[in-house]
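The values are calculated or read from the model by the stated rules, or taken from the named source; none is laboratory data. Keep in mind that what you see is a predicted model, and the values were worked out from it rather than measured. No Cβ is skipped: glycine too gets one built from the backbone with ideal geometry, and neighbour counts run over all protein chains shown.
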Ligand code: SF4
Ligand code: SF4
Ligand code: SF4
Ligand code: SF4
Ligand code: FES
């Protein structure tokens, strides 16, 4: 591999790699604003300028590919002076908004200003201000904070495939806006907030909810569709506040869709059943009860009947296997089927729903359920009296009119009013496990929060179901 | 071996020392300046830097606080609880602002951290209550002490 020298450190690189990426690998940080590894390079902000020997002028590290024998310096007086000048220039019109800005704490402008800028401003003239038009339900715009890096424009153009964001006017008055001031239409709008290096584009959903430094982060996998995008769930006090994309070049690169980003809301839904609930002999609706009684009802309803097991394809491999074992040992010859997206029953029917990330299967582990040998559920199935439904939170419940139903998993009360018993279990952010995405990649879920309410892991529920009850 | 010293009878009965002690007591009682005050009729003037009960400063009836959460971040006792919200005349304001004074150690770091000069410690030092009280925003906005 060819080699170059960055700040005295020898660095190997693949031909074509730019200096920023090579420097990152050997532990040299070059500040950037407009450069994003997932977007084209425009070399617009000039923050990344570095000194290259035998080159009379500073060169932007984002647009300069590393070359054999190149000697790069990132901390010479010339470079530092440039960084100071750029920071001062960017902050000329920047409002002192950090106390009310949701980006604060994870803001590139803040960080770079702290590390490379000067604490004083020489600017005394009036600052430029903009009026902000609404950008739709996902993104809140605040153009006063914009540094015109055009990352958002490039994201729309190159990734979301829709040129919605544009820069109008020129020079000092450049304004980033949507075409004809329309609302954003892309289903990937949340990424605008992720990539904007300032607080000009922020999530409406997260607005003023929490300061970013309070959030504890867990790296996990999205369960929104069979792609299994890598996400980071951010939580404080056992409440999830935000999901953001995590880099994985083989699955989702740097992006996630809005459906996946906001999917976690069902976890904290007030209608979610968090206590064991049963329909008594007389009561018409579900009433909460204890675990002992809930399980007792479940045992009684299913005892001696023809039982069918329905496994949501939003459950993990481990859970699928536990259910299979349970069905085999306790309800001999009871059939086990998986359900999830009514239109996508097998991985053959699965496919890309759009050219970006979304897949047709709206559950994450269809591939895994097939690997376990579970067959898809046919809605016209009538060969059982009792259906035991296991569900993770996203699988679409099939209509099971002629059967008595017991639910184990995550349900919202209105969905399951006609069920005999509900035994609450864990959603994807409360448990660990393995899911297999459409590419056949195994990925791990990690628990971000402690189980809510009285919900318990499926393994635990099945264990007590099988071994508890009347003592022989 | 114990050695017994022979002492005079005056010394044995401490007569002189008792008289000396009484003299000091009487001198202090009758002539020394008072160090205690007759609280609550008389009150002490504390220094301006005294750190007492919190208050939220307002300008023209609008609280200075923008709910930036720097004070709960810095507070070592974790006794400030703020919830942020939006209203037409102010982009971000504290919908809820509570200080649990029983946990507060009056270190004054919240005052120091505040970029808006909003949370301040007043000179009020009479804070005893008969049950645990968490002071809310409207209460804190009225407390000014002598500032
Ligand atoms: S964009 Fe960054 S620097 Fe500007 S107000 Fe927001 S946090 Fe502060
Ligand atoms: S809105 Fe954000 S991403 Fe877009 S140009 Fe401005 S600073 Fe860059
Ligand atoms: S004075 Fe100290 S302990 Fe009390 S609220 Fe302020 S920061 Fe917290
Ligand atoms: S530091 Fe000041 S402005 Fe910020 S939340 Fe506390 S009182 Fe309000
Ligand atoms: S990051 Fe290189 S010019 Fe902006």
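Taking region B:43-93 as the region of interest, how many residues are away from chain A (no Cβ under 13 Å), free of Cβ contacts under 8 Å to residues at least 60 places away in the same chain, under 21 Å from the mean Cα position of the chain (by Cα) and under 15 Å from residue B:116 (Cα atoms)?
Qualifying residue count for the region: 0.
Hey, which of the strands (runs of 3 or more DSSP E) in region A:8-94, taking only ones fully inside, have at least 2 residues that are under 35 Å from the mean Cα position of the chain (by Cα)?
Once the strands (runs of 3 or more DSSP E) in region A:8-94 are filtered for at least 2 residues that are under 35 Å from the mean Cα position of the chain (by Cα), what remains is A:9-12, A:49-52.
Would a scan of region A:327-336 turn up a residue that is within 31 Å of the chain's Cα centre (by Cα) and either assigned by TED's automatic domain parsing to the domain that holds residue A:191 or under 22 Å from residue A:442 (Cβ atoms) (or both)?
Yes, that holds for at least one residue.
For region A:85-92, indicate whether the set of residues that are away from ligand 5 (no atom under 14 Å from the Cβ) and farther than 30 Å from residue A:180 by Cα is non-empty.
yes
Could you list, in sequence order, the residues of region A:114-128 that are away from ligand 2 (no atom under 14 Å from the Cβ) and either without any contact (Cβ under 8 Å) to a residue 24 or more places away in the chain or surrounded by 14 or more Cβ atoms within 10 Å (Cβ to Cβ) (or both)?
A:114, A:116, A:117, A:119, A:120, A:124, A:125, A:126
As an exercise: evaluate residue A:127 against (1) away from ligand 1 (no atom under 16 Å from the Cβ); (2) at pLDDT below 95; (3) assigned to a loop (DSSP other than H, G, I, E, B) and give the number of the one condition it does not meet.
Just one mismatch for residue A:127, condition (1).
With (1) over 31 Å from the mean Cα position of the chain (by Cα); (2) more than 16 Å from ligand 2 (Cβ to nearest atom) as the list, and residue A:99 as the residue in question, which single condition is left unmet?
With (1) over 31 Å from the mean Cα position of the chain (by Cα); (2) more than 16 Å from ligand 2 (Cβ to nearest atom) applied to residue A:99, the lone miss is (1).
Give, as residue ranges, the strands (runs of 3 or more DSSP E) completely inside region A:194-239 that count at least 2 residues that are touching a helix residue (DSSP H, G or I) at 6+ places or on another chain (Cβ under 8 Å).
A:201-203, A:230-236
Filter region A:132-191 for residues that are within 23 Å of the chain's Cα centre (by Cα) and within 16 Å of ligand 1 (Cβ to nearest atom) and give the result.
Those that are within 23 Å of the chain's Cα centre (by Cα) and within 16 Å of ligand 1 (Cβ to nearest atom): A:139, A:140, A:141, A:151, A:152.
State yes or no: is residue B:117 at pLDDT below 95, over 15 Å from residue B:52 (Cα atoms), within 10 Å of ligand 4 (Cβ to nearest atom) and surrounded by fewer than 16 Cβ atoms within 10 Å (Cβ to Cβ)?
The answer is yes for residue B:117.
Would region B:14-30 turn up any residue that is outside any helix (DSSP H, G or I), exposed (fewer than 10 other Cβ atoms within 10 Å of the Cβ) and either touching a residue at least 60 places away in the same chain (Cβ under 8 Å) or away from ligand 3 (no atom under 16 Å from the Cβ) (or both)?
No: region B:14-30 contains no residue that is outside any helix (DSSP H, G or I), exposed (fewer than 10 other Cβ atoms within 10 Å of the Cβ) and either touching a residue at least 60 places away in the same chain (Cβ under 8 Å) or away from ligand 3 (no atom under 16 Å from the Cβ) (or both).
Closer than 22 Å to residue A:241 by Cβ, more than 14 Å from the chain's Cα centre (by Cα) and either assigned to a strand (DSSP E or B) or near ligand 4 (Cβ under 10 Å from one of its atoms) (or both) - does that describe any residue in region B:134-146?
no
For residue A:311, only one of the following conditions fails: (1) in a helix (DSSP H, G or I); (2) touching a helix residue (DSSP H, G or I) at 6+ places or on another chain (Cβ under 8 Å); (3) surrounded by 19 or more Cβ atoms within 10 Å (Cβ to Cβ). What is its number?
Among (1) in a helix (DSSP H, G or I); (2) touching a helix residue (DSSP H, G or I) at 6+ places or on another chain (Cβ under 8 Å); (3) surrounded by 19 or more Cβ atoms within 10 Å (Cβ to Cβ), the lone unmet condition for residue A:311 is (1).
Being loosely packed, with under 13 Cβ neighbours inside 10 Å and touching a strand residue (DSSP E or B) at 6+ places or on another chain (Cβ under 7 Å), is that true of even one residue in region A:27-48?
no
Restricting to region A:409-440, name every residue that is more than 22 Å from residue A:265 (Cβ to Cβ) and touching a helix residue (DSSP H, G or I) at 6+ places or on another chain (Cβ under 9 Å).
A:420, A:421, A:423, A:434, A:436, A:437, A:438, A:439, A:440
Quick check on my filter: what residues within region A:65-105 are within 19 Å of residue A:35 (Cα to Cα) and within 14 Å of chain B (Cβ to nearest Cβ)?
A:103
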